[in-house]
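Here's the structure, in structure tokens; my notes come after.
The values are calculated or read from the model by the stated rules, or taken from the named source; none is laboratory data. Quantities reported herein were computed from a predicted structural model and do not represent experimental measurements. Neighbour counts are summed over all protein chains in view; Cβ atoms, including those assigned to glycine, are modelled from backbone coordinates with ideal geometry.
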Amino acid sequence: MSPSGEQLVDTFLDALWLERGASPHTLSAYRTDLRHWLRFAEAHGVRPLTAQQGDAEAFFSERVAAGYSDRSNARLLSSLRRFYRWNVREAMIIHDPVARISLPRVRPDLPGTLDEADVDALLDAPDTDTALGLRDRAMLEVLYACGLRVSELVGLRVSDVNPRQGVVRVLGKGDRERLVPMGETALEWLDVYMRNGRPLLMASITREPLFPGRRDGFMTRQTFWHRIKHHAMVAGVHKPLSPHTLRHAFATHLLNHGANLRVVQELLGHSDLSTTQIYTHVAQARLEALHAMHHPRG
């Protein structure tokens, strides 16, 4: 008996986890995408393992008519391609129904960023007379100094920091490990927090989380996002924010000050240089704006 669509997806996600070290967040995103396809297939009497290109084309035509964005459809097609390539590799199917599907190319959005004055205001916002304020100040300083993903920041353990060498060990996507320099300012705030803030937040300071949330456990990404929004309001920073705003600022400011693109790639933990190159467009846009503003013939 052929496996059901849900069984196929479960087996595929298990393989992604075992072979690629995919994170729970990534696996959840794949499952959500693939369930859209499974619901369409069931409604139209299509079996996932015998689907044809015409079925996939009808699926995406229906999504376009329903108003789904090009970006959403492109992400879903990427998930389907990976799913069906895996099925071909596992000899579950011979024909890949999405191999020749093409959608309008999505132009990557330039990541929103803050200028250096905005970053200074945001980092100065926490009330460092309190333990929570010291924690938040240290987190913001480390985030901006190292360009970490929020998931990497909230997952840091005390043992990941080497103050003597001035680096932090980061476990990134796909369980790839990298060492990132922290800089003097971040190290100083981290030291103040470790001495005067963290002991007041932890029932046992031997516990692992560097930046604890509730009940001494690791802080969630959602909690940190709420903290960023709160401090931005206090600082009077009204530009659009995202959980990765300071990561974007880290990359853009390094490039604005002449950093090599390959170095920024290594610091960000990008496996593909093209992912980093989008920041060159942000830096270039900033240079063009300054030129237009200040050049006598701008």
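Tabulated data
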item	result
Scan of region 233-256 for residues that are farther than 15 Å from L143 by Cα and either hydroxyl-bearing (S, T, Y) or at pLDDT 75 or above (or both), ordered by number	M233, V234, A235, G236, V237, H238, K239, P240
T130 of a type in the set (V, I, T) and touching a His at 6+ places or on another chain (Cβ under 7 Å)	no
Per-region count, region 138-162, residues under 21 Å from the mean Cα position of the chain (by Cα) and part of a helix (DSSP H, G or I)	15
Residue check for S151: among the polar types (S, T, N, Q), modelled with pLDDT under 90, surrounded by fewer than 19 Cβ atoms within 10 Å (Cβ to Cβ) and in the same structural domain as L255 (by TED's automatic domain parsing)	yes
Residue list for region 1-43, filter: outside any helix (DSSP H, G or I) and either among the aliphatic types (A, V, I, L, M) or surrounded by fewer than 12 Cβ atoms within 10 Å (Cβ to Cβ) (or both)	M1, S2, A22
Selected residue (only one of S23, S28 is among the polar types (S, T, N, Q) and either assigned by TED's automatic domain parsing to the domain that holds R176 or in contact (Cβ under 8 Å) with a residue 24 or more places away in the chain (or both))	S23
Given (1) assigned to a helix (DSSP H, G or I); (2) at pLDDT below 85, index of the condition I205 fails	(1)
Among residues of region 44-77, those that are at pLDDT 90 or above, outside any helix (DSSP H, G or I) and either at negative phi or among the β-branched types (V, I, T) (or both), counted	5
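Table: residues versus (1) surrounded by 13 or more Cβ atoms within 10 Å (Cβ to Cβ); (2) among the basic types (K, R); (3) in contact with a Gly (Cβ under 6 Å, 6 or more places away or on another chain).
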site: F224; (1), (2), (3): yes, no, no
site: I228; (1), (2), (3): yes, no, no
site: A232; (1), (2), (3): yes, no, no
site: G236; (1), (2), (3): no, no, no
site: L241; (1), (2), (3): yes, no, no
site: H244; (1), (2), (3): yes, no, no
site: R247; (1), (2), (3): yes, yes, yes
site: F250; (1), (2), (3): yes, no, yes
site: H257; (1), (2), (3): no, no, no
